[in-house]
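The values are calculated or read from the model by the stated rules, or taken from the named source; none is laboratory data. If you're wondering where the values come from, they're calculated on a predicted model, not measured in any experiment. Neighbour counts are summed over all protein chains in view; Cβ atoms, including those assigned to glycine, are modelled from backbone coordinates with ideal geometry.
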Amino acid sequence: MATAEHSKISVPGSTGVKVIKSCTINRRPEELFQFWRHLENLPRFTKHLVSVRQISEKESHWMAKAPGGPAEWDAEIINEHPNSLIAWRSKEGSEVPNAGSVRFEFAPGGQGTEVTVSLEYRPPVGALGRFVAKLYGEEPERQVEEDLRRFKALMEIGEIPTTEGQPVGARQKGRKRS
């Protein structure tokens, strides 16, 4: 039975940004669930998160990069099915009201796990924040898609490939692209 506390909506009405993205990862659902459930792991593959600190078994404190400067909020896990689902929402009064879930289901044909992230949040400073995010290439759909791609790489090969810090060869510096 849902209590009045659990029936509160984190993102009222249709004021939030909604994103649903999936990817298939060549690992078993329980491995992926266990990694994700240790919320402190999330900044390892989500570029916008600075840190996540577990406060209790169900509560956590989040710090993220945002177009208008850093944002912080507290969240709680409101539904959990071991090895298959984690659902959360921000606590009342949060700087970034949000709610979402991540599902881990066997992919068709036993070919890994289908990971689906559903997220809804209200950007800091509302429509202006949404516009600034889009201007800087920080659209939520793209961010979640890239985060899932990095999660896949981390879980399948143990690291996230990057070109950061790699030098550009002399022949490439002067070459013009057509």
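Going by the structure shown, is ALA107 modelled with pLDDT of 95 or more and within 16 Å of TRP36 (Cβ to Cβ)?
Taking the combined requirement at face value, the residue does not satisfy it.
Quick grid of which residues meet (1) out of contact with any Phe, Trp or Tyr (no Cβ under 9 Å at 6 or more places or on another chain); (2) loosely packed, with under 14 Cβ neighbours inside 10 Å:
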site: PRO43; (1), (2): yes, no
site: THR46; (1), (2): no, no
site: LEU49; (1), (2): no, no
site: SER56; (1), (2): yes, yes
site: ALA71; (1), (2): no, no
site: ALA75; (1), (2): no, no
site: SER84; (1), (2): no, no
site: PRO97; (1), (2): no, no
site: GLY100; (1), (2): no, no
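List the strands (runs of 3 or more DSSP E) that sit entirely inside region 39-112 and contain at least 3 residues that are under 20 Å from GLU145 (Cβ atoms).
98-106
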